[in-house]
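Visitor: Can you read through this structure? Questions will come right after.
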């Protein structure tokens, strides 16, 4: 563009002006082609690389259907909540008393008991279940059928 302006100011350079205008038109066409190609690539990339998350309109529809179809679902839900609350209360009561005893009193085997509680909490319950059953059977608390 600067060369075109200079050639027009000087005057008498019609061939040079035509050549510069042709070059400018060619470059503009190339820019348009590249921009179109970029738009096409962006559309293709949008299709391939973007994950669209949608929230279903009926989010709780399965729960509503379950409670409509099952006649005793609400009493079962109430029983489950009762069992959960009682389990928490019993666990907190026993755990609170055990924690108080560990914190305040000194007795023989205190460290071993604390270590055993920690050891049991380190592993999933199912991995402890079989050894506990074997120990209870050997102690005579469970009848082997």
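We did not get these values from a lab; they are worked out from the coordinates using the rules stated. Everything quoted here is computed from the prediction, not taken from an experiment. Cβ coordinates were reconstructed from backbone atoms using ideal geometry, including for glycine residues, and neighbour counts include every protein chain displayed.
Visitor: Please arrange 2, 42 by how many other C-beta atoms lie within 10 Å of their C-beta, fewest to most.
Guide: On the way: 2 7, 42 10.
Ranking 2, 42 by Cβ neighbours within 10 Å, fewest first, gives 2, 42.
Visitor: Evaluate the distance, in nm, between pseudo-label points positioned 7 Å from the Cα of residue 115 and of residue 85 along their respective Cα→Cβ axes.
Guide: Inter-label distance under the simple model: 4.1 nm.
Visitor: Between residue 42 and residue 105, what length in nm is gained on full extension when 0.36 nm per residue of separation is reduced by their alpha carbon distance?
Guide: Values: separation 63, 0.36 × 63 = 22.68 nm, distance 7.11 nm.
My answer for the length gained is 15.6 nm.
Visitor: What FRET efficiency comes out for the pair residue 127/residue 92, r = Cβ-Cβ distance, R0 = 30 Å, nearest 0.05?
Guide: Values: r = 25 Å, r/R0 = 0.83.
In this case the efficiency is close to 0.75.
Visitor: Estimate the FRET efficiency between residue 57 and residue 77 by the formula 1/(1 + (r/R0)^6), using the beta-carbon distance for r and 22 Å for R0, to the nearest 0.05.
Guide: Working: r = 25 Å, r/R0 = 1.14.
It comes out at approximately 0.30.
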